[in-house]
Amino acid sequence: GLELSHCVGANSLGPTVPWRSGGPCKMKRVRTVFKPEQLERLEQEFLKQQYMVGTERVDLAATLHLTETQVKVWFQNRRIKWRKQSMEQKAAKLSQFGVIQPATADSTDIKDHEEDTVDVEL
């Protein structure tokens, strides 16, 4: 199960949107706030292997009192962060030697080649 907050629209703290007021209730996901101990363990596992699948993911989720989906999405998002950091380090090294990076070498390039891109956090 996903945790969902109240309906977005007339009852929310934000402005009322007239075209949504009569429609179906739109539920908003609640972002998971990981405990420091959980993050430490997730980072340790990530250092060992960037992909956590199958029974390893199930076991880790149970150990950390998280859902398998939360662990899966954390690993997906962590891989994206790792690739972005790698690209930034590579660009910094190249700039030290006077090599100019093409204007398109930003996060959009990563997303074009990223099969795991997940914008939603649980």
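The values are calculated or read from the model by the stated rules, or taken from the named source; none is laboratory data. Computed from a prediction, not measured in an experiment: that's the story for all the values here. Ligands, DNA and RNA are excluded from the accessible area calculation, which covers all protein heavy atoms including side chains. Shrake-Rupley method; radii C 1.70, N 1.55, O 1.52, S 1.80 Å.
Using a 1.4 Å probe and counting only protein heavy atoms, arrange 79, 41, 57, 31 so the residue with the most accessible area comes first.
Sorted descending by solvent-accessible area, the residues read 31, 41, 57, 79.
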| message | Rounded to the nearest 10 Å², what accessible area does residue 40 have for a 1.4 Å probe in the complete protein model? | response | 110 Å²
| remark: Extension length gain for residue 48 and residue 96 (0.36 nm per residue less Cα distance), in nm, is 14.2 nm
| said: Suppose accessible area is computed on protein heavy atoms with a 1.4 Å probe; arrange 87, 52 from highest to lowest. | reply: 87, 52
| Which of the residue pairs 48/81; 35/90; 48/84; 28/48; 28/72; 28/84 have a Cα-Cα distance greater than 25 Å in the structure shown? | 35/90; 28/48; 28/84
